[in-house]
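Here is the structure we will look at, set down as structure tokens.
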Amino acid sequence: MTTRLQCCVPFCRRTTKDRHDEWVCGKHWSAVPQRERRRLARAGRWYRKRFGQNAAWTYPAGSPKRIEAVRFDRHWRKCWERCKRAAIEAAGGIG
């Protein structure tokens, strides 16, 4: 049985089968300012170019590579939170 993931926007009933931790549906994603979407994409591209598909915890603890990976993972997550917040605010009529 597959579990379906619901959109992060409250009261949105759209779902996806893709494996994600969080997800914003296309309807609400289009409400996110393009500047924020570009920032998120740029951060993701930079991270994949620098570290590939390796997660930060694959590097030895305390190594410069791990510290840098963790720093940029946090940056990407902050960009994602901004996008998610913008989608929720736009759906609620705030933004």
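Structure above, values below:
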{"item": "Degrees separating the helix 34-51 axis from the principal Cα axis of the chain, which is the longest one", "result": "30 degrees"}
{"item": "Cα-based helix-to-principal-axis angle, 64-91 vs the chain, degrees rounded to 10", "result": "10 degrees"}
{"item": "Sites residue 48 and residue 89, calculated FRET efficiency, Cβ-Cβ separation with R0 30 Å, nearest 0.05", "result": "0.60"}
{"item": "Extension gain from residue 41 to residue 18, taking 0.36 nm per residue of separation minus the Cα-Cα distance", "result": "6.4 nm"}
{"item": "The chain - accessible surface per residue (Å², probe 1.4 Å)", "result": "76 Å²"}
{"item": "Residue 47 - accessible surface, heavy atoms, 1.4 Å probe, Å² rounded to 10", "result": "30 Å²"}
{"item": "Set of lysines near residue 49 by C-alpha distance (under 26 Å), chain-local residues within fewer than 8 positions excluded", "result": "65, 78, 84"}
{"item": "Carbon and sulfur %, accessible surface of the chain computed with the full protein complex present, 1.4 Å", "result": "50 percent"}
{"item": "Reference-scaled alpha-carbon Rg (2.2 N^0.38 Å with N residues) for the chain", "result": "1.25"}
{"item": "Estimated 222 nm signal from helices in the chain, with DSSP H stretches of n ≥ 4 weighted -39500 (n - 2.57), rounded to 500", "result": "-17500 deg cm²/dmol"}
{"item": "In range of the label at residue 58: residues from region 65-93 whose backbone nitrogen is under 19 Å from the point 7 Å along Cα→Cβ", "result": "65-77"}
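The values are calculated or read from the model by the stated rules, or taken from the named source; none is laboratory data. All values derive from a computational prediction rather than experimental measurement. A quick note on method: Cβ atoms are made from the backbone with ideal geometry, for glycine too, and the neighbour counts reach across all protein chains shown. Each accessible area value is taken on the protein alone, full model and side chains, heavy atoms only, with ligands, DNA and RNA left out. Shrake-Rupley method; radii C 1.70, N 1.55, O 1.52, S 1.80 Å.
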